Amino acid sequence: MSAGTTEPSGSWTVRLRERIVGIVPSGEWLPDRQPVYVRSWIYVFGVATLAALAYVIASGVILVIGGSAWWHTNSLGHFVNSTHLWSVELFFMFMVVHLWGMFVMAAWRGKRGLTWVTGAVAFLGSIGTAFTGYLSQSNFDSQWISTQAKDGLNSMGIGAVFNVLNTGQMLLWHVMLLPLVLGVIVVVHVVLVRRHGVVPPIGAVAPAEQAGTPSLQVAPQRTPMVADEPVSLGRRP
Amino acid sequence: MSASAVAARRGGRDTTPDSRAFATRPYDLVKELVVALVVVGVLVAGLAAALSSPDRPALSLQSWSKAAPADVVATATAELAGTSTSAGYGPPYNSASEGAKLGPLPLQRWAGVRIPVDSAQDLVLAPLSTVTGDPTLRDALAAWSSAPEATRLGWATTYGEALAAAPDGDPAKVAAGSYGPVPLLAERFLRLAGTGGLEGLLVTQASFYGTDATKPLLLLADGAYIEDRARADHLGGDQWGMMNETGNYPGQPWMWLYTFWYQVPPFSTSGNADALVLALMALLTAVFVCVPFVPGLRSIPARLGIYRLIWREHVG
Amino acid sequence: MTTASGLMGTPDYLTWGVLSISVANLVVVAVMIVLFLAALLVPFPHGHDDPTPGDERDAVTAGPASGAGAR
């Protein structure tokens, strides 16, 4: 089926491919231009958060290679553990400043509500992932945090499924399950930013509208990510 | 709110223009990411090299027995008497109590006993019964198991009270009384902890490769020693402990609101504080996630006006 | 305060009534606030290749009205 046809293809492969290609407008996965209003240092905190996350994951992978108790007895292991700790601290610092920035910009406007939601869920998921990390240190911290946290979780009836005293379970949640879930949420969050573009300033009016040209000539709005609705392809080369 | 900001939401509809309708300028996203990776990498390596990371060693049951032997004896006695925290906890460990409630909802009880732990049997008697070459202990265990339950509880409760009344809780200074085999069992338990083998006995009851530390942790938490050590590092619940880390390291400042509630009434004086705080934070979290959809909340940024600093070249 | 074992010395805490915070956490929060304020106030450098008025790449593309209509 050609790209110009509007008739839905019977091929699942074609429909999936067009669905995937249509998630982000053509050329917007890695654009080399961005709106002129994107000119503030506040915008660097999103990428700074991602950079910190990259180091969290990298240092975590090295800790996995060494094993869960490696860092207690090996000085290289302890250094890698330190990079893991400080990359997490920086990750949270940059993420919260990014959150403050996105709030004062009301960055959820223009159909970006899901971007905010995925960001908020990523923040909460990060807290949970860090929590299981504290439980996996196999030191006094882990002993105290687990014996305290169990009371909160048991009071809500979930302490048996998520047993913070079970080191084997908590280590696996921290190393595999939660990073996987968090990774998916972060990817969706970033893809949504690419899909919708950076939110215009509060109260901004599109230049065509400002010039008083008929609304028909204003660039069409992004269609929402709704199943069964035809997705318009990108307008810009 | 400025007229243009009001105009952006006409009649509840979001009329934010398409970002692609605006003029653009060149920008190198990949270069930005690489710069971020270099800068953050330098920061991470520098902080790690300069400040390291905390590693306060785990308490072993052996170190507990050497540092606070009276506490170990008192804890073993409480397990036998059914008065320890774990013995009276309720679900998921046992049915001794209903546990916490969220208003009228007994969520803890609803969850059921999914991790059964008999504090007296699993934490004290089973490990003791593995000891060989000690006929006195064997006889004490036999005396305990052959006595009626009411008698056993009477022995253990009375001995527990006597320990609390003794100077420094010292078992050697306990007043004479009818305690049955409890003093001997508790003393042998202290000796077993001192060998360093007690964790292993508690963890590997089910499997050689035990990775579930539920039982030794419940035992440790039943004593006072772990909390004494935690409070010395400001990790106690009423010390904003949830935010803190051992030593002088930064902890989890993002937990500030969660731990705040524990410091103030009615939470600080409630037996159901855990359930209440968790429920309140769940509600606030839901609101946080749904900010874009909550009228009033979503218009705060326009009213605050801080956005003018970010877009000062593009807004009036 | 910083020794060979990092920051494992006696912990420093500041307390006002029911409020209590470690010096370390306070430093983290202070740095975050400074970063946020700096991000808002420090001007972002202008690039050399910003579009000049009349640059054809900046004209709004008058594309076809989408089938979904104006939203």
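Within the stretch C:3-52, being closer than 17 Å to B:Arg56 by Cβ and either in contact with a Cys (Cβ under 9 Å, 6 or more places away or on another chain) or at pLDDT below 90 (or both) holds for C:Thr3, C:Ala4, C:Ser5, C:Gly6, C:Leu7, C:Met8, C:Gly9, C:Thr10, C:Pro11, C:Asp12.
Here is the figure for the stretch A:121-134: residues that are without any contact (Cβ under 8 Å) to a residue 12 or more places away in the chain and either under 21 Å from A:Met102 (Cβ atoms) or β-branched (Val, Ile, Thr) (or both) total 2.
Report whether or not B:Val315 is touching a helix residue (DSSP H, G or I) at 6+ places or on another chain (Cβ under 8 Å) and closer than 24 Å to B:Pro91 by Cα. For B:Val315, the condition - touching a helix residue (DSSP H, G or I) at 6+ places or on another chain (Cβ under 8 Å) and closer than 24 Å to B:Pro91 by Cα - is not met. In the stretch B:44-61, the qualifying residues are those that are free of Cβ contacts under 8 Å to residues at least 24 places away in the same chain and in a loop (DSSP other than H, G, I, E, B), and the one that is farthest from the chain's Cα centre (by Cα) is B:Ser52. Each residue in the stretch A:16-34 was checked for being closer than 16 Å to B:Arg25 by Cβ and surrounded by 15 or more Cβ atoms within 10 Å (Cβ to Cβ), and 4 of them qualify. In the set (1) touching a Pro at 6+ places or on another chain (Cβ under 6 Å); (2) surrounded by 17 or more Cβ atoms within 10 Å (Cβ to Cβ), B:Glu98 fails one condition alone, (2). The single condition among (1) facing chain A (nearest Cβ under 8 Å); (2) surrounded by fewer than 20 Cβ atoms within 10 Å (Cβ to Cβ); (3) within 14 Å of the chain's Cα centre (by Cα) that B:Val315 does not satisfy is (3). Out of contact with any helix residue (DSSP H, G or I) (no Cβ under 6 Å at 6 or more places or on another chain), over 30 Å from A:Arg109 (Cβ atoms) and part of a loop (DSSP other than H, G, I, E, B): does that describe B:Pro295? No. One residue stands out among those in the stretch B:16-31 that are part of a loop (DSSP other than H, G, I, E, B) and more than 18 Å from A:Ala208 (Cα to Cα): the one that is nearest to the other protein chains (Cβ to nearest Cβ), which is B:Tyr27.
The condition of being surrounded by 15 or more Cβ atoms within 10 Å (Cβ to Cβ), assigned to a loop (DSSP other than H, G, I, E, B), modelled with pLDDT of 95 or more and on the phi < 0 side of the Ramachandran plot holds for only one of B:Ser65, B:Ser86, that being B:Ser86.
Here's the yes/no breakdown for (1) crowded, with 18+ Cβ neighbours inside 10 Å; (2) more than 27 Å from A:Asn81 (Cα to Cα):
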{"site": "B:Asp212", "(1), (2)": "yes, no"}
{"site": "B:Lys215", "(1), (2)": "yes, yes"}
{"site": "B:Asp222", "(1), (2)": "yes, yes"}
{"site": "B:Ala232", "(1), (2)": "no, no"}
{"site": "B:Gly251", "(1), (2)": "yes, no"}
{"site": "B:Tyr262", "(1), (2)": "yes, yes"}
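Scanning the stretch B:234-246 for residues that are within 8 Å of chain C (Cβ to nearest Cβ) and buried (at least 22 other Cβ atoms within 10 Å of the Cβ), which turns out nearest to C:Thr10 (Cα to Cα)? The residue in question is B:Thr246. Taken as a whole, the stretch B:121-134 holds at least one residue that is among the small types (Gly, Ala, Ser) and outside any helix (DSSP H, G or I).
Do we find a residue being at pLDDT below 95, surrounded by fewer than 22 Cβ atoms within 10 Å (Cβ to Cβ), in a loop (DSSP other than H, G, I, E, B) and at the interface with chain B (Cβ under 7 Å from one of its Cβ atoms) anywhere in the stretch A:191-203? Scanning the stretch A:191-203 turns up no residue that is at pLDDT below 95, surrounded by fewer than 22 Cβ atoms within 10 Å (Cβ to Cβ), in a loop (DSSP other than H, G, I, E, B) and at the interface with chain B (Cβ under 7 Å from one of its Cβ atoms). Selection of helices (runs of 4 or more DSSP H) fully inside the stretch A:54-173 by the criterion of at least 3 residues being of a type in the set (Val, Ile, Thr) and at the interface with another protein chain (Cβ under 8 Å from one of its Cβ atoms) returns A:75-104, A:113-135. Determine which member of the set B:Trp64, B:Trp110 is over 18 Å from the mean Cα position of the chain (by Cα), among the aromatic types (Phe, Trp, Tyr) and within 9 Å of another protein chain (Cβ to nearest Cβ). Exactly one of B:Trp64, B:Trp110 is over 18 Å from the mean Cα position of the chain (by Cα), among the aromatic types (Phe, Trp, Tyr) and within 9 Å of another protein chain (Cβ to nearest Cβ), namely B:Trp110.
The values are calculated or read from the model by the stated rules, or taken from the named source; none is laboratory data. Being a predicted model, the structure only gives us computed values, none of them experimental. Methodologically, a virtual Cβ is constructed for each residue, glycine included, from the backbone with ideal geometry; neighbour enumeration extends over all protein chains shown.
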